[in-house]
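Here is the structure we will look at.
The values are calculated or read from the model by the stated rules, or taken from the named source; none is laboratory data. Here the structure is a predicted model, which means the values were calculated and not measured. Here the Cβ positions follow ideal geometry from the backbone for every residue, glycine too, while neighbour counts run over all protein chains shown.
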Amino acid sequence: MAGNWKMFKTPAETQAFFEKFRPLVENSGHCEIVICPPFTNLAAAVAAVKGSNIQIGSQNIAWAKEGAFTGEISGPMLNAVGVSHAIIGHSERRQYFGETDETVLKRTQAALEFGLTPIVCVGERLEERESGNTEAVLVSQFQKGISGLTEQQFAKIVIAYEPVWAIGTGKTATPEIAADAHRAIRAQVRDKFGKDAGDAVRILYGGSVKGDNVKTLMAQPEIDGSLVGGASLEATSFASIVNF
């Protein structure tokens, strides 16, 4: 169960969140819990979860180790702060900041090189769904953004399916729509990396996940977890999702 805070909260607000959140999930051993705050809050978040069952991830990672890349944050920098995961290729990165399937692959390889677990995002826009191109989009994003990994690299990643039309809109893909997309992604994995990899890979659903719909989503065998946006900003709200 992963929370993506996007561009919200200060370090002080981060600390206050975890003071409230930690006791609510301290007995939640059924899943991994990862929260991805903005870069400026990572140090505060890592300090706040020390000794707990909560892990901290970043919302992006540079593909280079260091160099003239103004505004980017590298794997070694994230290692130094104590981060364990990195979200890669979120639809907002693709939509607003020029992220492509090719840069997603490079960032994923960098995360793996520096020992971070990549949460690699794929998903279609509304017009792509309405024109019947959902599967073609997912296949293309997989082929260009993920299939360039080796089998050993692929075994270490998590995939997140996030229909762009359901992010921050209040619209949620029905559990059946989400499961269909997860099946299409898993089929790509089996074709490229084999049946065992297809069975083992964890595919999260992201798109207006809330406490009142998480149970029906998670009832689908194809859905292995959630990547939660707005509902992860409030401690009791996200705890109710973790403890569905």
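Conditions tested, residue by residue: (1) touching a Gly at 6+ places or on another chain (Cβ under 6 Å); (2) exposed (fewer than 14 other Cβ atoms within 10 Å of the Cβ); (3) farther than 13 Å from Ala235 by Cα.
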position	(1), (2), (3)
Met7	no, yes, yes
Phe21	no, no, no
Val25	no, no, no
Ser28	no, no, yes
Cys31	no, no, yes
Thr40	no, yes, yes
Ala47	no, no, yes
Ser52	no, no, yes
For strands (runs of 3 or more DSSP E) lying entirely in segment 145-237, having 2 or more residues that are at pLDDT 95 or above, in contact with a strand residue (DSSP E or B) (Cβ under 7 Å, 6 or more places away or on another chain) and β-branched (Val, Ile, Thr) picks out 158-161
> more than 22 Å from Val34 (Cα to Cα) and not in a loop (DSSP other than H, G, I, E, B): does that describe Ser140?
Replying inline: yes
Pairing a residue in segment 175-195 that is touching a residue at least 60 places away in the same chain (Cβ under 8 Å) with any residue that is aliphatic (A, V, I, L, M) and not in a helix (DSSP H, G or I), where Cβ atoms lie under 8 Å and the two sit 6 or more apart in sequence or on different chains, gives Ile185/Val122; Ile185/Ile159; Ile185/Ile203
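Residue by residue, here is whether (1) of a type in the set (D, E, K, R); (2) crowded, with 21+ Cβ neighbours inside 10 Å holds:
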{"site": "Thr174", "(1), (2)": "no, no"}
{"site": "Ala187", "(1), (2)": "no, no"}
{"site": "Asp191", "(1), (2)": "yes, no"}
{"site": "Gly206", "(1), (2)": "no, yes"}
{"site": "Met218", "(1), (2)": "no, no"}
{"site": "Gly230", "(1), (2)": "no, no"}
In segment 16-52, anything touching a helix residue (DSSP H, G or I) at 6+ places or on another chain (Cβ under 7 Å) and more than 21 Å from Met77 (Cβ to Cβ) is listed as Phe17, Phe18, Lys20, Phe21, Leu24, Val25, Ser28, Cys31, Ile33, Ser52
Only one of (1) surrounded by fewer than 19 Cβ atoms within 10 Å (Cβ to Cβ); (2) assigned to a loop (DSSP other than H, G, I, E, B) does not apply to Ile61, and that is (1)
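Let me confirm something: among Ile87, Ile73, which residue is touching a residue at least 24 places away in the same chain (Cβ under 8 Å), surrounded by 21 or more Cβ atoms within 10 Å (Cβ to Cβ) and not small (Gly, Ala, Ser)?
Ile87
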